[in-house]
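Values quoted throughout were computed directly from the atomic coordinates according to the rules given, and no laboratory measurement underlies them. Please read these numbers as outputs of a predicted model, since none were measured by experiment. When we count neighbours, we look across all protein chains shown, and the Cβ atoms used for this are built from the backbone with ideal geometry, even at glycine.
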Amino acid sequence: MGAVSTELTPELAATIEEAFANRDRANMQPTIDFFADLLTKHPGNPYILYEVGGSYDTAGREEKAIEYYEQALPGLSGDTKRRCLLQYGSTLRNLDRIDESLEVFAAACKEFPESDSLRVFKALSLQAAGRKDKALATLLLLVADRLATPEIKRYEAAIRGNAEHLANL
């Protein structure tokens, strides 16, 4: 049973998805209670630890959320790990732990280079660190990489050049 408790079975994934869909952002306590209870049934399960942390985070209880994110991260993989890293890094930023936030986002962006959301939240942490030029450069590169409109494509070289200039200031 020990190995099973750290997995994300289809049944557990469906239970988590249903609870997530039913949450009330204005009153997160029932969701926190639901996931805390689910955790007692699946002790140490990183996917449930992540959901408990996310519930505390949404409720504005960031210090408590951090504890759960840190416990969950070593056992997570794939998209859930990417989401947990994003929320963890963002929560660190919200707690003015900017250097730690930047470390999380640097590692996360290296592990998930195709993640647009990680790049956006990394830019927010760069801005919070007073590195506004690098924050804007990060967003400009995201625009150049992902916004394939004729106008953006026409000016792509200029956008990338400006991003490089800003990143090096």
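Using C-alpha pairs under 8 Å with a sequence gap of at least 6, the mean separation divided by the residue count of region 59-169 gives a relative contact order of 18 percent. Note on F20 and L169: with the Förster distance fixed at 35 Å, the Cβ-Cβ geometry gives a FRET efficiency of about 0.30. Relative to the longest principal axis of the Cα atoms of the chain, the long axis of helix 156-167 makes an angle of roughly 80 degrees. When you restrict to C-alpha pairs under 8 Å that are six or more residues apart and normalise by the size of region 1-86, the relative contact order lands at 27 percent.
Model label points for E114 and D99, set 7 angstrom from Cα along the Cα-to-Cβ axis, are 3.5 nm apart.
Counting 0.36 nm for each residue step from E151 to E70 and taking away their Cα separation leaves a gain of 24.9 nm. With both labels modelled 7 Å from their Cα along Cα-to-Cβ, the A36 to R160 distance reads 5.1 nm. Scoring 145-151, 156-162 by mean Cβ neighbours within 10 Å over their residues and listing the highest first yields 156-162, 145-151.
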